[in-house]
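Taking it in order: structure first as structure tokens, then the write-up.
Throughout, read-outs are computed from the coordinates displayed, never taken from laboratory work. Keep in mind the model is a prediction, meaning the values are calculated, not measured. Neighbour counts are summed over all protein chains in view; Cβ atoms, including those assigned to glycine, are modelled from backbone coordinates with ideal geometry.
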Amino acid sequence: MQRRLVVGVGVGLAALGGGAAWWLLSAHALGLAEPRIVLAAGEPTVDGHKVKVGQAFDAGQTVRTGDQVSACFSVHASRACLGAQSEVRLAALTARAATLELARGTLIVASAGDDVTVVTAGGASVEVKNATAALETGQGDALVRALDASVTLAAPGKPPMTLASPSAVGLRDAARRPGAPAVEDEERQVARLASRWQGSAGAIVELRGAHGRLEVDGLDAGHAPAAVLLDEGEHTLAHRAGPHGTTEEKVSLRGGQVVVRGE
């Protein structure tokens with residue numbers, strides 16, 4: 001009888017522990033269930049309305065940026081980041097896949113297991129899974145760069161091809177293009193910064209005003225006003241104010257906290 005009681009208690013504790021672990025893991029990942037703006041520099045918009053970091057939005061909506069404006073949003077654990085003068089629509093989102101329609105500008109996609117397909121206005125499509133890629137469209141040469149691992153490109157009238165990092169090809173003719181190491185490094189940094197939040201309660205760091213740039217953990221978050229959603233814990237913040245110098249500090253962030261600088 002005593003042995004059965006011990007076994008019963010052990011099973012009960014194991015079940016309780018498993019339930020607690022499930023709850024904690026699920027609670028930690030709840031924020032990844034729907035797309036959220038995780039980085040905003042300048043004043044990006046969703047369907048014409050100004051957005052705030054941490055704000056959720058729906059499939060079917062469009063993110064736009066203007067001059068010296070950038071934005072990143074989550075696609076589950078993956079990230080999509082727009083450069084200045086860019087426009088992308090989140091056309092479809094499922095539990096394991098997403099389709100983005102890039103109308104113009106630059107888009108960086110960092111897939112963390114999701115199947116992310118980017119379709120351009122010119123009819124090309126790029127499939128990104130467990131990889132990082134950048135697409136440039138608009139005036140001039142449209143191209144795709146594989147920044148990490150490999151992606152699949154389907155250009156109009158061409159068979160699908162695999163593009164391995166580090167390399168770049170044209171979106172129209174699938175011909176090789178020269179590399180741009182400095183630009184590629186900046187694009188990787190943006191993707192890394194946007195991934196600093198992975199679904200926790202999160203904290204927000206804001207740089208207000210109209211001057212300077214915000215850096216987080218050595219990664220550039222863009223021109224003021226700028227804000228980024230981060231996981232809790234230790235981070236290094238820097239406000240680079242040009243001729244006025246640089247202010248750098250280490251902060252310990254808590255869930256739900258908002259840290260404001262530059263006022």
*Name the shape class, rounded, prolate or oblate, that the alpha-carbon gyration tensor gives for region 196-261, where a ≥ b ≥ c are the square roots of its eigenvalues, rounded holds for a/c under 1.5, and otherwise prolate holds if a/b is larger than b/c and oblate otherwise.*
prolate
*Could you name the lysines in cross-link range of Lys129, using Cα to Cα under 22 Å and dropping any fewer than eight places away on the same chain?*
Lys158
*Note down the magnitude of the dipole of the chain about its Cα centre, charges +1 on Lys and Arg C-beta and -1 on Asp and Glu C-beta and zero elsewhere, to the nearest 20 debye.*
600 debye
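Is there a quick way to get the dipole size of region 45-173? I mean about its Cα centre, with the Cβ of Lys and Arg at +1 and of Asp and Glu at -1; what is the value in debye to the nearest 20?
Taking the Cα centre of region 45-173 as origin, the dipole is about 120 debye.
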*Provide the net charge surrounding Thr62, with neighbours chosen by a C-beta distance below 9 Å and charges set as Lys +1, Arg +1, Asp -1, Glu -1.*
-1
*For Asp220, Asp114, what's the fewest-to-most ordering of other Cβ within 10 Å of each Cβ?*
Asp220, Asp114
*List the trypsin sites (Lys or Arg not before Pro) in region 136-221 that DSSP assigns to loop (not H, G, I, E or B) and whose Cβ has at most 15 other Cβ atoms within 10 Å. Which are they?*
Arg208
*Quick one: what do you get for region 55-154 if you divide its Cα Rg by 2.2 N^0.38 Å?*
0.96
*Pulled fully out, how much extra length does the chain show between Ala210 and Thr62, if you take 0.36 nm times their separation in residues and subtract their Cα-Cα distance?*
50.8 nm
_Full-extension gain between Arg192 and Glu234, please, as 0.36 nm times their residue separation minus the C-alpha to C-alpha distance._
13.5 nm
*Scan region 37-82 for trypsin sites (Lys or Arg not before Pro) in coil per DSSP, keeping those whose Cβ has at most 15 other Cβ atoms within 10 Å, and list them by number.*
Lys52
*Enumerate the residues in region 139-154 having an amide nitrogen under 12 Å from the point lying 7 Å beyond the Cα of Asp173 toward its Cβ.*
141-142
*Relative to the longest principal axis of the chain, what angle (0 to 90°, nearest 10) does the C-alpha long axis of helix 2-29 take?*
20 degrees
_Label corresponding to Rg and Dmax of the Cα atoms in Å when calculated from the structure given, among (1) 26.1, 91; (2) 20.9, 81; (3) 18.5, 60_ = (2)
*Select from Ala201, Pro225, Val38 the residue farthest towards the positive end of the dipole of the chain; place +1 on Cβ of Lys and Arg, -1 on Cβ of Asp and Glu, and compute about the Cα centre.*
Ala201
_Nearest 10 degrees, 0 to 90: helix 181-194 Cα axis against the chain principal axis_ = 30 degrees
*asked:* Compute, for region 196-261, the length of the dipole vector about the Cα centre, with Cβ point charges of +1 (Lys, Arg) and -1 (Asp, Glu) only. Units Debye, rounded to 20.
replied: 200 debye
